[in-house]
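Presented below is the structure to which this report refers.
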Amino acid sequence: MNSFYTILLLVASNVFMTLAWYGHLKMAEFSWFKALPLIGVIAISWGIAFFEYCLQVPANRIGFEGNGGPFSLMQLKILQEVITLVVFVVFSIIAFHMQVKWNHIVAALCLVAAVYFVFGFK
């Protein structure tokens, strides 16, 4: 179950992270938000990122083999990066109507290979 909780927390934390890092680009479509000074946008992003950390830190503590979890430090990092990119792609498609191109698919396959290599050999 630690694997499941770790992955669930990583997905949730990455949703907040993506909103904090890139959500302001979409929110600029609203006049009240666009009128905010940069420090206001940063403060809002920090507020969103707080929740990301509230989920990310427990995910790493639960998942890390040094704390009884199933993943090595390297596996946690690769898992987090793959989840980050998957969440980002979904966000980009939904919020910005981004089109997935062939090179994006090739890059995704490289990520699958990274997961294979980091989890496949001990």
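Bear in mind these aren't lab numbers, they're just calculated from the coordinates by the rules spelled out. Treat the numbers as computed from the prediction; the structure is a model and nothing was measured. Note that we place each Cβ from the backbone using ideal geometry, even for glycine, and neighbour counts take in every protein chain shown.
Miscellaneous remarks
- Distance between modelled label sites at V100 and V115, nm, 7 Å Cα→Cβ extension: 1.2
- The chain - percent relative contact order, Cα under 8 Å, separation 6 or more: 32
- Think of region 28-122 as a dipole: +1 on every Lys or Arg Cβ, -1 on every Asp or Glu Cβ, centred on the Cα centre; then among Y116, A43, V100, Y116 lies furthest on the positive end.
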